[in-house]
């Protein structure tokens, strides 16, 4: 007989509850899951709410920049003022400055007011100068120089209204606000109302805002984005021409050919760190290397493109390496198994399969570079007034110019509220460019995507 301890036999316990009925622990778990779903929905709703508010602010403030007020009336091109000798010598005609054209415009506007029967206390032409933009005289002078045979005749012109008049029709300027304004008076606004009723003064779509150039602080109504858009285009050509081949080549070498050692690990870590470096650091680097050391022209799209290339390279390298890693190793093994070399395996099989991701990363990098302002600030593109189009392709790269984000920044810091309105309009144009580039990235990805 054994002296082993005899334990009492345990009786089997029955189920504490039915599987069809939730216990307290299950209820708490399901309640926590439901709360998490609600939190997620609230987070998405909050993000969408802020996005809608941002878009509403941009659209409501920026759409007004695409319309402009114009004054249309006839101007008599007096020969006694524009060509006193009557010889139609272009050199003599060019000697007449804009100061000689201003009285012609003002007196013609006065005659138009009198002909329309508009009652106003402004009895002299020079009293009405606040109605028109300061660019009116230059516009008329350019027309006469281009058409000297029109001297001595009367022609109808459409001049830009001043920024105050344009703001009055858009609700930006009120009769209360002009009490402290030295540029316009209540009598001018009464005259504007009369000209509007007579059809002389109208607000129409302003293509010059999209295609025109920047203007001085005194002529916000004449400012446009066209030249700065061209500057951004030349910069993006430089970025695309340098960052794509260099970034893809570096990625292929690091991912497919480079040995795994401490040096390649150090390079990979630095590439990842460079992707997080503030963009203004690249601006300082560009100022020191490209302008102060290499003596490249300041404010040139070429320098801006070189700086943005340095900033974009890490993004393209990281995206390209991720695309190469996504290609299954079996593709490489199969190519090597049928006798292909390492280079043939990469360029004939791996690279085509990774092309959609490479193109997407490149376009996203370009879109990021397109919206950068800080690097351009340090190389002088912010303070430059882009008033003229480049004369040729080479001039487009090396001549001083601005860029869309730099132009928006420049307008936003000017005092006249009309420039602030144009800054919002410039943001709309910039967003259109960015959305277009992202749509192209999506289309290219779907076009070149392959299944394996």
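The values are calculated or read from the model by the stated rules, or taken from the named source; none is laboratory data. Remember, predicted model here, so these are calculated numbers, not experimental data. Positions of Cβ are generated from backbone atoms using ideal geometry, with glycine treated the same way; all protein chains shown enter the neighbour counts.
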| request: Return the total of residues in segment 105-127 being touching a helix residue (DSSP H, G or I) at 6+ places or on another chain (Cβ under 6 Å), modelled with pLDDT of 85 or more and part of a helix (DSSP H, G or I). | output: 7
| said: For segment 72-93, check the following and say yes or no: at least one residue is touching a strand residue (DSSP E or B) at 6+ places or on another chain (Cβ under 9 Å), assigned to a helix (DSSP H, G or I), closer than 20 Å to residue 196 by Cβ and in the same structural domain as residue 134 (by TED's automatic domain parsing). | reply: no
| query | Before we move on, is residue 343 closer than 24 Å to residue 277 by Cα and assigned to a helix (DSSP H, G or I)? | reply | no
| task | Report yes if some residue within segment 129-146 is within 39 Å of the chain's Cα centre (by Cα), surrounded by fewer than 17 Cβ atoms within 10 Å (Cβ to Cβ), without any contact (Cβ under 8 Å) to a residue 12 or more places away in the chain and assigned by TED's automatic domain parsing to the domain that holds residue 68; otherwise report no. | result | yes
| Going through segment 178-204 one residue at a time, which ones are exposed (fewer than 14 other Cβ atoms within 10 Å of the Cβ) and closer than 23 Å to residue 60 by Cβ? | 204
| query | Out of segment 233-292, which residues are in contact (Cβ under 8 Å) with a residue 60 or more places away in the chain, under 28 Å from residue 356 (Cβ atoms) and exposed (fewer than 12 other Cβ atoms within 10 Å of the Cβ)? | reply | 257
| remark: Of the residues in segment 292-301, those that are closer than 16 Å to residue 374 by Cα and in a helix (DSSP H, G or I) number 1
| For residue 90: the one exception among (1) over 21 Å from residue 161 (Cβ atoms); (2) surrounded by 14 or more Cβ atoms within 10 Å (Cβ to Cβ); (3) touching a helix residue (DSSP H, G or I) at 6+ places or on another chain (Cβ under 7 Å) | (2)
| In segment 156-191, what count of residues is obtained for those that are in contact with a helix residue (DSSP H, G or I) (Cβ under 8 Å, 6 or more places away or on another chain) and assigned to a strand (DSSP E or B)? | 4
| Condition check for residue 418: crowded, with 20+ Cβ neighbours inside 10 Å, in contact (Cβ under 8 Å) with a residue 60 or more places away in the chain and either within 12 Å of the chain's Cα centre (by Cα) or part of a helix (DSSP H, G or I) (or both) | yes
| field | Of all residues in segment 425-452 being loosely packed, with under 11 Cβ neighbours inside 10 Å and part of a loop (DSSP other than H, G, I, E, B), the one that is modelled with the highest pLDDT | value | 450
| said: touching a helix residue (DSSP H, G or I) at 6+ places or on another chain (Cβ under 7 Å) and surrounded by fewer than 18 Cβ atoms within 10 Å (Cβ to Cβ): which single residue out of 306, 336, 324 fits that description? | reply: 336
